[in-house]
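The values are calculated or read from the model by the stated rules, or taken from the named source; none is laboratory data. Only a predicted model underlies this, so the values are computations on that prediction, with no experimental measurement involved. FYI the Cβ positions are ideal-geometry reconstructions off the backbone, even for glycines, and counts take in every protein chain you see. Areas reflect the complete protein model, heavy atoms only, side chains present, ligands, DNA and RNA absent. Shrake-Rupley method; radii C 1.70, N 1.55, O 1.52, S 1.80 Å.
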Amino acid sequence: MSGEPIRISRGPGGEVEVDGVLDAFAAAVLARAGFESWPTLRGSWIRLPFDMGRDWENEHAGWAADMLTAARYTVILDPSLRPADDTAPSQAERRAQAAMKAQPPPPSTGRRARR
């Protein structure tokens, strides 16, 4: 892990890009969040796919930033990539809330218990 922060920003053409020194784990986390890696002469260009919509891009960029931060990387997320409504729960919070809800008992099968 490098001391240099990982920057996730919206480029001049509207594409969401990642800059910074990345190790294999950080690259795998970004790939899990939907980022693509393209080889260039100076290394690789890591970005989200084009034309997926701003909401989708913001959600995946935020998700990548959350995962990298949880893995103790220093991440700088462009303010334009933050969700418009900061009071709404994030995708991870919604998943945790759904997992913690009490589930109804399974339907009875109509069989009687053995004695």
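A few notes on this one:
- Matching residues in segment 1-43 - criterion: being within 18 Å of the chain's Cα centre (by Cα), in a strand (DSSP E or B) and not hydroxyl-bearing (Ser, Thr, Tyr): 6, 7, 8, 10, 16, 17, 18, 19, 36
- Residue, nearest to residue 11 (Cα to Cα), within segment 44-96, restricted to residues that are assigned to a loop (DSSP other than H, G, I, E, B), modelled with pLDDT of 90 or more and open to solvent by 60 Å² or more (accessible area, probe 1.4 Å): 74
- Among residues of segment 12-43, those that are open to solvent by 50 Å² or more (accessible area, probe 1.4 Å) and free of Cβ contacts under 8 Å to residues at least 12 places away in the same chain, counted: 11
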